[in-house]
Amino acid sequence: MLVLVAPGQGAQTPGFLSPWLDLPGAADRLAGWSDTVGLDLVHYGTKADADEIRDTKVAQPLLVAAGLLSAGELGLFGNGGTGRPDAVAGHSVGEITAAVLAGVLSEQDALSFVAARGRAMAEAAAVTETGMSAVLGGDQDTVLAHLTGLDLTPANINGAGQIVAAGTLEQLGVLAEQRPEGSRVRPLAVAGAFHTAHMAPAVAALEALAPNLTVADPSLPYVSNADGQKVDKGAEVVRRLVTQVSHPVRWDLCMETFKQLGVTAIIEVSPGGTLVGLAKRALPGVRTLALKTPEHLAAARELAAETAGNSPQGAPADSIPQDATEEHPQR
């Protein structure tokens, strides 16, 4: 069983789109999407520095565009596709990418939606000085109880020993000094407490936009961040896309669903690395590949075809470039 996943904010790095622009038609697709989102995606994906692409208004459309571009080049969909995924999922903003791959939203509607999401979340974050910190290691129940005691929200429960706490900068400062037993704390370079009550104004903005979207039911299983469950109605997918900006991401439950479904392979679209890193620890034995650059396309197609039983055994796992599994804290 093959699952195609899309990363969330924090996976982007300066210049990560540069190699993709060498592919025929890629620059034209990005130019069209740039018009839709009102940003020069080519500039931000090739020349902008880390601070520029950290901006929520920029990062979110950039990530969805990168995911769609790389998934399209992978060629698993449509009449000529081989090794079609058995399910899709995305982390936070990556759920919008997954919604397109599942046929729930068109590319244009998804990009319009994510542009509005990025703007609304940036505006909500400007109200109060808030942020996020990754808590790495430690017993999960102990960490969650500790965060509750500090009045922090476990905004992302990612599994594999990674929980992202969110709240005011003062609360996060206390967390840095009073770490949960057996853990370390890493502040994240984000502009707000995403997936918490601080994002309530963004929910209202997206609720107003949602009726303008053209929505279809998923054409393949769509696994939701809210609870790790499969969602089979397009309207429910969109409802969850709206409410998730102020609710915790349960990627741990998504991975539990992958396990229950019998997943044997996971491919993460660009800029991949984070989610396959989590899967390597939480889902031992599952083959993983991060589609970081076009150099990984051949190996990804081979893995997809093998998973679907459409080709003989191909490249062994150790033939996949090592940088295809680099991990960053996900939020």
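At least 1 residues that are among the small types (Gly, Ala, Ser) and open to solvent by less than 10 Å² (accessible area, probe 1.4 Å) in each: list the helices (runs of 4 or more DSSP H) lying fully within the range 104-180 that qualify.
Values: elements: 107-125, 140-149, 169-177.
Here the list reads 107-125.
Would you call ALA208 in contact (Cβ under 8 Å) with a residue 12 or more places away in the chain and either on the phi < 0 side of the Ramachandran plot or surrounded by fewer than 17 Cβ atoms within 10 Å (Cβ to Cβ) (or both)? Spell out the reasoning first.
Values: in contact (Cβ under 8 Å) with a residue 12 or more places away in the chain: no; either on the phi < 0 side of the Ramachandran plot or surrounded by fewer than 17 Cβ atoms within 10 Å (Cβ to Cβ) (or both): yes.
No.
Kindly indicate whether any position in the range 241-248 is under 24 Å from GLY138 (Cα atoms) and open to solvent by less than 70 Å² (accessible area, probe 1.4 Å).
Kept after step one, since they are under 24 Å from GLY138 (Cα atoms), are these residues of the range 241-248: 247-248.
Then drop every residue that is not open to solvent by less than 70 Å² (accessible area, probe 1.4 Å), which leaves 248.
Yes; the residues of the range 241-248 include at least one that is under 24 Å from GLY138 (Cα atoms) and open to solvent by less than 70 Å² (accessible area, probe 1.4 Å).
With respect to ASP51, determine if the residue is at pLDDT below 95, in a helix (DSSP H, G or I) and open to solvent by 50 Å² or more (accessible area, probe 1.4 Å). First the steps, then the outcome.
On the way: at pLDDT below 95: yes; in a helix (DSSP H, G or I): yes; open to solvent by 50 Å² or more (accessible area, probe 1.4 Å): yes.
For ASP51, the condition - at pLDDT below 95, in a helix (DSSP H, G or I) and open to solvent by 50 Å² or more (accessible area, probe 1.4 Å) - is met.
Does PRO312 meet the test of being at pLDDT below 90 and closer than 22 Å to LEU23 by Cβ?
Values: at pLDDT below 90: yes; closer than 22 Å to LEU23 by Cβ: no.
For PRO312, the condition - at pLDDT below 90 and closer than 22 Å to LEU23 by Cβ - is not met.
Scanning the range 32-48 for residues that are more than 18 Å from SER270 (Cα to Cα) and out of contact with any Ser or Thr (no Cβ under 8 Å at 6 or more places or on another chain), which turns out surrounded by the most Cβ atoms within 10 Å (Cβ to Cβ)?
LEU39
List every residue pair whose Cβ atoms sit under 8 Å apart, with the two residues 6 or more apart in sequence or on different chains, where the first one lies in the range 151-162 and is within 13 Å of ASP141 (Cα to Cα) and the second, anywhere, is small (Gly, Ala, Ser) and in a loop (DSSP other than H, G, I, E, B).
Short answer, once both residue conditions are applied: GLY161/GLY138.
Return yes when THR36 is assigned to a helix (DSSP H, G or I), in contact with a strand residue (DSSP E or B) (Cβ under 8 Å, 6 or more places away or on another chain) and among the polar types (S, T, N, Q) and no when it is not.
Numbers: assigned to a helix (DSSP H, G or I): yes; in contact with a strand residue (DSSP E or B) (Cβ under 8 Å, 6 or more places away or on another chain): no; among the polar types (S, T, N, Q): yes.
No; evaluated as a whole, the condition is false for this residue.
For the range 20-41, which residues satisfy the criterion of being touching a Leu at 6+ places or on another chain (Cβ under 7 Å) and over 21 Å from ALA116 (Cβ atoms)? Walk me through it before giving the result.
Going residue by residue through the range 20-41, those that are touching a Leu at 6+ places or on another chain (Cβ under 7 Å) are 20, 26-27, 29-30, 33-34, 36-37, 41.
Of everything in the range 20-41, those that are touching a Leu at 6+ places or on another chain (Cβ under 7 Å) and over 21 Å from ALA116 (Cβ atoms) turn out to be TRP20, ALA26, ALA27.
Scan the range 127-145 and report the pairs whose first residue is more than 17 Å from MET199 (Cβ to Cβ) and whose second residue is among the aromatic types (Phe, Trp, Tyr) and open to solvent by 10 Å² or more (accessible area, probe 1.4 Å), with Cβ atoms within less than 9 Å and a gap of 6+ or a chain change.
Qualifying pairs under 9 Å: none.
Starting from residues that are among the charged types (D, E, K, R) and assigned to a loop (DSSP other than H, G, I, E, B), keep the ones in the range 181-228 and report whichever is farthest from VAL263 (Cα to Cα). Quick ask: steps written out before the conclusion?
Taking the range 181-228 and keeping what is among the charged types (D, E, K, R), we get 181, 184, 186, 207, 217, 227.
Cutting the leftovers down to assigned to a loop (DSSP other than H, G, I, E, B) gives us 181, 217, 227.
Numbers: GLU181: 33, ASP217: 23, ASP227: 18 Å.
Among them, the one singled out is GLU181.
Within the range 181-217, count every residue that is in contact with an Asp or Glu (Cβ under 9 Å, 6 or more places away or on another chain), of a type outside the set (Gly, Ala, Ser) and modelled with pLDDT under 95.
Looking only at that region, the number is 1.
Within the range 15-27, identify whether any single residue is part of a strand (DSSP E or B) and either surrounded by 16 or more Cβ atoms within 10 Å (Cβ to Cβ) or at pLDDT 95 or above (or both), and answer yes or no. Before you say what the answer is, go through the steps one by one.
First, pick out the residues of the range 15-27 that are part of a strand (DSSP E or B): none.
No, because not a single residue in the range 15-27 is part of a strand (DSSP E or B) and either surrounded by 16 or more Cβ atoms within 10 Å (Cβ to Cβ) or at pLDDT 95 or above (or both).
Looking at the range 233-246, can you tell me whether even one residue there is within 18 Å of the chain's Cα centre (by Cα), at pLDDT 95 or above, not in a helix (DSSP H, G or I) and not aromatic (Phe, Trp, Tyr)?
Step one: list which residues in the range 233-246 are within 18 Å of the chain's Cα centre (by Cα), which gives 237-246.
Imposing the further condition that a residue be at pLDDT 95 or above reduces the set to 237-246.
Now drop any that are not not in a helix (DSSP H, G or I), which leaves none.
Within the range 233-246, none of the residues are within 18 Å of the chain's Cα centre (by Cα), at pLDDT 95 or above, not in a helix (DSSP H, G or I) and not aromatic (Phe, Trp, Tyr).
Yes or no: the range 212-221 includes at least one residue that is open to solvent by less than 10 Å² (accessible area, probe 1.4 Å) and either over 29 Å from GLU52 (Cβ atoms) or in contact (Cβ under 8 Å) with a residue 60 or more places away in the chain (or both).
Checked the range 212-221: no residue is open to solvent by less than 10 Å² (accessible area, probe 1.4 Å) and either over 29 Å from GLU52 (Cβ atoms) or in contact (Cβ under 8 Å) with a residue 60 or more places away in the chain (or both).
Looking at ALA65, ALA6 in this structure, which one is more than 23 Å from ASP232 (Cα to Cα), buried (at least 24 other Cβ atoms within 10 Å of the Cβ) and touching a helix residue (DSSP H, G or I) at 6+ places or on another chain (Cβ under 6 Å)? Talk me through it step by step, then tell me what you get.
Details: ALA6 fails: more than 23 Å from ASP232 (Cα to Cα).
Within the list ALA65, ALA6, the selection yields ALA65.
So in the range 201-232, with the set limited to residues that are of a type in the set (S, T, N, Q) and within 21 Å of the chain's Cα centre (by Cα), which one is farthest from GLY94 (Cα to Cα)? I'd like the intermediate steps shown before the answer.
Within the range 201-232, the first condition is being of a type in the set (S, T, N, Q), and the residues that meet it are 212, 214, 219, 224-225, 229.
Narrowing further to those that are within 21 Å of the chain's Cα centre (by Cα): 219, 224-225, 229.
On the way: SER219: 18, SER224: 11, ASN225: 10, GLN229: 16 Å.
Result: SER219.
The values are calculated or read from the model by the stated rules, or taken from the named source; none is laboratory data. Source: prediction; values computed, not measured. Note that we place each Cβ from the backbone using ideal geometry, even for glycine, and neighbour counts take in every protein chain shown. The protein model used for the area step is the full one, side chains on, heavy atoms only, and it has no ligands, DNA or RNA in it. Shrake-Rupley method; radii C 1.70, N 1.55, O 1.52, S 1.80 Å.
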